[in-house]
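The values are calculated or read from the model by the stated rules, or taken from the named source; none is laboratory data. Worth saying up front: this structure is predicted, and the values here are computed from it rather than measured. As a convention, Cβ positions derive from the backbone with ideal geometry for all residues, glycine included, and neighbour counts pool all protein chains shown.
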Amino acid sequence: MSSVFSGVKNIFVKRSFKKKIFFLFLLFEITIIFLCLRILLIQILEAKFWQSKAYEQQTRDRLIPPGRGLILDRNLNSLAINQTAASISVIHTQIKDPEKTAIILSKKLDLDYELVLKKINKKVALERIKIKVDKNIADEIRKLNLNGVVIDEDIKRIYPYDNLASHVLGFVGKDNQGIIGLEAKYDKYLKGIPGKIMTETDASGKELKNGDEYRKEPISGKNLVLSLDLSLQKYAEQVLEKAVKAKNAKRGAIIMMNPCNGEIYAMANKPDFNLNDPFEINDNNLNSKEKNDKLNKIWRNFNINDTYEPGSSFKIITSAAGLEENKVSLESRFTCSGSKLVGGRHIKCWRSPRCHGSQSFVEGVQNSCNPVFMEIAERLGAQTFYKYMFKFGLDKKTGVDLPGEAVGIMHKLKNVGPVELATMSFGQSFQITSLQLMRAASCVINGGNLITPHFAIKLTCEKNNKQNNLSSKEVFKDEKILKYNKIKNIISQKTCVAMRYILESVVSHGTGNKTYIPGYRIGGKTATSEKLPRRSGKYIASFLSFAPAENPEVMTLVLIDEPEGIYYGGTVAGPIMKEFLEVALPHLNIKQKFNDKELNLPEAQVFIVQEYRGFETNIIKHELNKAEINFEIIGNGKIIKKQFPVPGEKINLDSKIILYTE
């Protein structure tokens, strides 16, 4: 019996063994098939991926930053240029003495030793220690022949005029990417394409001594040519800074623009900041969030990022709408009793408790009489009034080529009652940006065309890509002229002609008389805007002007925010406007045309500017005082370095010459 059981057991064991063998062979065959399929997948479908991985392991890429495109003014003066610099990196596997290397680098680069050592000990292919290193310092490090220390080419962005047009130009970060202003807006054109240095390495990441090195040259960015005029920008900032300090104001702005095509010649903001050190804050007690908030306020361009109640300068728009809709004519008569009853409320004229009495429409504009404009708005009605608000683009952005533009804030039409309509007629109860106001006013005096304010005129490639050449008077090629939108026939020519006549009379006979310059027909409108909350004692004094009145070539806005003491637009902004235009208009070659009354005035006498550069300051002071020429010296140097206007330019005897010693 036992033998039978033993036989059955043997048979069972043999069958079990065969099954195991079968399953082993089956598993082996499946594995072989899987491996073959995997090899097939790697060799055919994933070949490129794994080739690139192998190439990455066997090579080291180091980027070469491209020359960033220059930023130039309309006369090709450099506003943003490049300077050759270096970046310092380390290769961990090649460092022989980490502590010694860290001591040397931290000392030469003015960095914390522990931070440098930590970076050196980081087990990565290439670790950056510092970028934008001065070329002389990089050369000193290069001469030390430190193992594992790599010195590559780098580019440092330089702004030759420090604070000049800081809110407009903007600046770049450590990676040479634009952060604010035109640097950010046109970054894709300015930045260029990086190059590469590719070096062969072994499996551990060490560079092979006899390995090949391949260099792919970077492609420089395009140059950006602006409508900005360097001389006008300089003078606007000097005039504005002096005015803000004199009135102890919160801030101020001057914008000069061509009202026919939207080219901006100057945009000054005070206070401003140094483009070569934009992160500097003289307050060590701020935490990170507070510091960022303060920087954002410093970098903020008031002219496009913030809105305000335009005040009486908006009466230009109300007047144009009234004329266009035939609700008022030049001969229309109005009576000012010091206030007007609207919706059960007495809304005062700025002259209250005094009044303007009986006056024509033209006199009403000259006097900036609030009841006149409340009456015009009432005749128009809210729906028609809003139609013109929208036609003049006050409900949308201007399209200026700067990032972060704000848009006007106004009531919904359904919420506009008699009181809201009345206050809107003279520039209250809604907010717009400075540039929105200028765009709308330009349309009123340029023939009825709604233009797009802008800075960039064209993109160019500099000949031979000499990106670090400080002389920007090179021949340019591959120009790309930039075009901007213009909406025509917003209002009629007839209305525009009438408005130019009326606004010229504001300067010659009305509230803008402090801007009168003999020989120039200037039009404009003053404004005194009360800030919210009402009766806080805070105002914005402004003046909007254009010249020549008969054929406008420039429009200028002067704005002083929260001036101390006298705060009326005509009194505060008027003299600033005059001071700026006396120099700006001749510089733009806008000729004076004196009438018979003006011919004998000192302002009608012409003086040819001489060459003062290179002469001693004391000698030039003596000569100009002797000739009774109005001048101002900027700086404390002994030698005149620059001057404005340039030699040979004809100016009036009462015009001012600016001399720079620094």
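Structural remarks
- Some residue of the stretch 444-454 being among the hydroxyl-bearing types (Ser, Thr, Tyr), surrounded by fewer than 20 Cβ atoms within 10 Å (Cβ to Cβ) and at pLDDT 90 or above: yes
- Qualifying residue in the stretch 364-377 (condition: in a helix (DSSP H, G or I), modelled with pLDDT of 95 or more, over 30 Å from HIS167 (Cβ atoms) and among the charged types (D, E, K, R)): yes
- Qualifying residue in the stretch 616-628 (condition: modelled with pLDDT of 80 or more, of a type in the set (Ser, Thr, Tyr), in contact with a strand residue (DSSP E or B) (Cβ under 7 Å, 6 or more places away or on another chain) and surrounded by 15 or more Cβ atoms within 10 Å (Cβ to Cβ)): yes
- Some residue of the stretch 409-430 being under 30 Å from TYR189 (Cα atoms) and either surrounded by 24 or more Cβ atoms within 10 Å (Cβ to Cβ) or out of contact with any strand residue (DSSP E or B) (no Cβ under 9 Å at 6 or more places or on another chain) (or both): no
- Residue match in the stretch 287-306 (condition: closer than 30 Å to PHE390 by Cα, in contact with a Ser or Thr (Cβ under 8 Å, 6 or more places away or on another chain) and of a type in the set (A, V, I, L, M)): yes
- For the stretch 634-662, the set of residues classified as surrounded by fewer than 17 Cβ atoms within 10 Å (Cβ to Cβ) and of a type in the set (A, V, I, L, M) consists of ILE634, ILE639, VAL646, LEU653, listed by residue number.
- From the options GLY381, GLY357, residue that is outside the structural domain of ILE180 (by TED's automatic domain parsing), on the phi > 0 side of the Ramachandran plot and modelled with pLDDT of 95 or more: GLY381
- Scan of the stretch 623-638 for residues that are touching a residue at least 12 places away in the same chain (Cβ under 8 Å) and not in a loop (DSSP other than H, G, I, E, B), ordered by number: LEU624, ASN630, PHE631, GLU632, ILE633, ILE634
- Scanning the stretch 553-576 for residues that are farther than 20 Å from TYR235 by Cα and in contact with a Ser or Thr (Cβ under 8 Å, 6 or more places away or on another chain) returns TYR567, TYR568, GLY569, GLY570.
- Residue that is surrounded by the fewest Cβ atoms within 10 Å (Cβ to Cβ) [pool: residues in the stretch 557-581 that are within 22 Å of PHE430 (Cα to Cα) and within 23 Å of the chain's Cα centre (by Cα)]: ASP561
- Any helices (runs of 4 or more DSSP H) falling wholly within the stretch 128-195 and containing at least 3 residues that are of a type in the set (A, V, I, L, M): 135-143
- So GLU241, is it of a type in the set (D, E, K, R), over 27 Å from TYR484 (Cα atoms), surrounded by fewer than 21 Cβ atoms within 10 Å (Cβ to Cβ) and modelled with pLDDT under 95: no
- Restricting attention to the stretch 289-324, the residues being touching a residue at least 60 places away in the same chain (Cβ under 8 Å) and of a type outside the set (Gly, Ala, Ser) number 19.
- Filter pass, LEU330 being farther than 22 Å from GLY178 by Cα and either part of a loop (DSSP other than H, G, I, E, B) or in contact with a Ser or Thr (Cβ under 7 Å, 6 or more places away or on another chain) (or both): yes
- The single residue among GLY637, GLY614 that is at positive phi and over 30 Å from the mean Cα position of the chain (by Cα) turns out to be GLY614.
- Of the residues making up the stretch 105-124, those that are surrounded by fewer than 16 Cβ atoms within 10 Å (Cβ to Cβ) and either assigned to a helix (DSSP H, G or I) or in contact (Cβ under 8 Å) with a residue 24 or more places away in the chain (or both) are LYS107, TYR113, GLU114, LEU115, LYS118, ASN121, LYS122, LYS123, VAL124.
- Within the stretch 287-331, being crowded, with 16+ Cβ neighbours inside 10 Å and touching a strand residue (DSSP E or B) at 6+ places or on another chain (Cβ under 7 Å) holds for ASN301, PHE302, ASN303, THR307, TYR308, GLU309, PRO310, GLY311, SER312, SER313, LYS315, ILE316.
- ALA246 vs. criteria in contact with a helix residue (DSSP H, G or I) (Cβ under 7 Å, 6 or more places away or on another chain) and either more than 30 Å from VAL365 (Cβ to Cβ) or at pLDDT 90 or above (or both): no
- Single unsatisfied condition, LEU341 versus (1) assigned to a loop (DSSP other than H, G, I, E, B); (2) over 30 Å from GLY447 (Cβ atoms): (1)
- Within the stretch 91-147, being among the acidic types (Asp, Glu) and closer than 25 Å to PRO65 by Cα holds for ASP110, GLU127, ASP134, ASP139, GLU140.
- Output for the stretch 170-193, where each listed residue is acidic (Asp, Glu) and at pLDDT below 90: ASP175
- Residue count for the stretch 244-262, restricted to those that are under 20 Å from PRO453 (Cβ atoms) and either of a type in the set (Gly, Ala, Ser) or buried (at least 23 other Cβ atoms within 10 Å of the Cβ) (or both): 8
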